[in-house]
Ligand SMILES: Cc1cc2nc3c(=O)[nH]c(=O)nc-3n(C[C@H](O)[C@H](O)[C@H](O)COP(=O)(O)O)c2cc1C
């Protein structure tokens with residue numbers, strides 16, 4: 001009774017869809033059936049996320065979930081992913097597995113705690129720089145070229 005709203009369900013997404021032409025991005029998708037259902041309801045994007053591992057102890061990781069979710073709905077909806085993507089090679093792997101982009105949660109907060117706005121900017125800039133370096137050192141020039149075959153380039 002004190003946490004979340006258990007009455008929320010898929011009908012609420014349909015209602016929301018009826019009420020707005022704004023893009024809807026549904027967060028917390030971890031199963032390919034849910035991803036298909038979200039696409040059927042007309043959302044523009046999904047976020048493959050276990051909310052930073054803060055909800056269900058032992059939940060499937062976003063990286064593992066991404067494989068089946070991308071197989072189910074890639075090309076039909078924008079696929080974002082979060083929860084534990086902290087380095088350039090983490091982002092490389094997520095993109096190679098089928099994410100269109102990765103969201104970063106706690107790292108920019110850690111940067112903020114260490115050095116204010118500049119620290120938050122640095123935390124994100126470092127991940128981007130690592131991604132750049134990982135791409136270059138593994139023989140890639142563009143994130144658009146990353147697919148699952150690129151995973152073997154990480155060694
Ligand atoms: C302190 C804190 C509070 C959060 N609150 C929410 C929330 O209310 N709703 C939600 O969907 N996700 C929430 N999240 C999860 C984030 O939106 C995001 O999915 C997560 O931080 C991504 O993982 P990462 O921090 O490992 O990058 C929270 C995360 C943190 C650290």
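Here residue 35 qualifies as more than 16 Å from the ligand (Cβ to nearest atom), over 22 Å from residue 131 (Cα atoms) and in contact with a strand residue (DSSP E or B) (Cβ under 7 Å, 6 or more places away or on another chain). Of the residues screened, residue 129 is one that is more than 13 Å from the ligand (Cβ to nearest atom), surrounded by fewer than 13 Cβ atoms within 10 Å (Cβ to Cβ), in a helix (DSSP H, G or I) and at pLDDT 95 or above. Comparison of 106, 148, 121 shows that the only residue that is out of contact with any strand residue (DSSP E or B) (no Cβ under 6 Å at 6 or more places or on another chain), more than 14 Å from the ligand (Cβ to nearest atom) and within 19 Å of residue 61 (Cβ to Cβ) is 148. The residue that is farthest from residue 83 (Cα to Cα), counting only those in segment 136-155 that are in a helix (DSSP H, G or I) and under 19 Å from the mean Cα position of the chain (by Cα), is 145.
Here residue 96 clears all of (1) away from the ligand (no atom under 16 Å from the Cβ); (2) touching a strand residue (DSSP E or B) at 6+ places or on another chain (Cβ under 9 Å) except the condition numbered (2). Scan segment 60-81 and tell me whether some residue there is within 16 Å of the ligand (Cβ to nearest atom), over 10 Å from the mean Cα position of the chain (by Cα), farther than 26 Å from residue 10 by Cβ and at pLDDT 95 or above. No: segment 60-81 contains no residue that is within 16 Å of the ligand (Cβ to nearest atom), over 10 Å from the mean Cα position of the chain (by Cα), farther than 26 Å from residue 10 by Cβ and at pLDDT 95 or above.
The values are calculated or read from the model by the stated rules, or taken from the named source; none is laboratory data. The structure displayed is predicted, hence computed values, not measured ones. Please note: Cβ atoms are built from the backbone with ideal geometry, for glycine as well, and neighbour counts cover all protein chains shown.
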